[in-house]
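Engineer: Pasting a structure here, questions to come.
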Amino acid sequence: MFKAIRTSRQPVVLGYLLVMFVSVLSACAKPDITTVPAHPSYELDVKPLLADHCLLCHSYPATRGAPTSFRLDVYATSGRIAGARDEAPRFINSVLSNKMPPAALWGEGVGANGEKLLQNWQIDGYPDYPTGSGLDGGPGSTDTPVSE
C-alpha cells in the first residue's frame, strides 16, 4: 500500500542528527578535575566528583535503572541502604574498569585525575572529613567523648 521512498536527503538528515546527538553528549560531559588531593575526604573531594558524574542516578530516588540497594549521595549506611562508605570498594572498581559512569564507554568517565582521587581516598580508608578537621572522629571532634 505505502512504499518507503528513499531520497538523497536521508543520509544528510541522519548525519545531522548523529552530529547533534554527539554534541549533546559531549556538552554534558564534565571535565577532569584539575588537581588531585593527596588525602581526599568524602565531603570535600569525593562527593563533588560523584555529584558531577554519579548522583544523577545513584542518589535518592535512584533513577535510570540504578540499583536501590545503595546511595552515593550519603556517606553512611542507613538500615538496608548502603552509603558511599560501604559501597566504595565496589563503585571505585566500577569506575576504574570503565563500567561506570555509562559515559565511560565513550571515553567520558571521571578522568584520570578523578580516578586517582578515588584511589587516594581508598588508600586512606575512605575518610568522611579531612583528618584533623574536628569532624573526623579525631582529637577535637564533636563525636569524640571528652574524658574528665
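Engineer: Does any residue of segment 115-124 turn out to be at pLDDT below 95, assigned to a loop (DSSP other than H, G, I, E, B) and over 13 Å from the mean Cα position of the chain (by Cα)?
Structural biologist: no
Engineer: Which of the residues spanning segment 51-60 are surrounded by fewer than 14 Cβ atoms within 10 Å (Cβ to Cβ) and either touching a residue at least 40 places away in the same chain (Cβ under 8 Å) or touching a Cys at 6+ places or on another chain (Cβ under 6 Å) (or both)?
Structural biologist: None; the set is empty.
Engineer: Identify, please: which residue in segment 86-114 is touching a Cys at 6+ places or on another chain (Cβ under 8 Å) and in a loop (DSSP other than H, G, I, E, B) and is, among those, nearest to Asp32 (Cα to Cα)?
Structural biologist: That would be Pro101.
Engineer: Okay, moving on. Residues of segment 80-111 being more than 12 Å from the chain's Cα centre (by Cα), of a type in the set (Gly, Ala, Ser) and over 18 Å from Thr68 (Cβ atoms), which ones?
Structural biologist: Ser97, Gly107
Engineer: So Glu108 passes all but one of these: (1) modelled with pLDDT of 90 or more; (2) surrounded by 14 or more Cβ atoms within 10 Å (Cβ to Cβ). Which condition number does it fail?
Structural biologist: If we test Glu108 against (1) modelled with pLDDT of 90 or more; (2) surrounded by 14 or more Cβ atoms within 10 Å (Cβ to Cβ), just (1) comes out false.
Engineer: Filter segment 61-73 down to residues that are out of contact with any His (no Cβ under 6 Å at 6 or more places or on another chain) and without any contact (Cβ under 8 Å) to a residue 12 or more places away in the chain, then give me how many there are.
Structural biologist: Summing the residues that are out of contact with any His (no Cβ under 6 Å at 6 or more places or on another chain) and without any contact (Cβ under 8 Å) to a residue 12 or more places away in the chain in segment 61-73 gives 6.
Engineer: Ok, one more. Could you grab me the full set of residues in segment 68-105 that are surrounded by 14 or more Cβ atoms within 10 Å (Cβ to Cβ) and among the small types (Gly, Ala, Ser)?
Structural biologist: Selection gives Ala82, Gly83, Ala84, Ala88, Ser94, Ala103, Ala104.
The values are calculated or read from the model by the stated rules, or taken from the named source; none is laboratory data. Given the structure is predicted, the values throughout are model-derived calculations rather than measurements. Methodologically, a virtual Cβ is constructed for each residue, glycine included, from the backbone with ideal geometry; neighbour enumeration extends over all protein chains shown.
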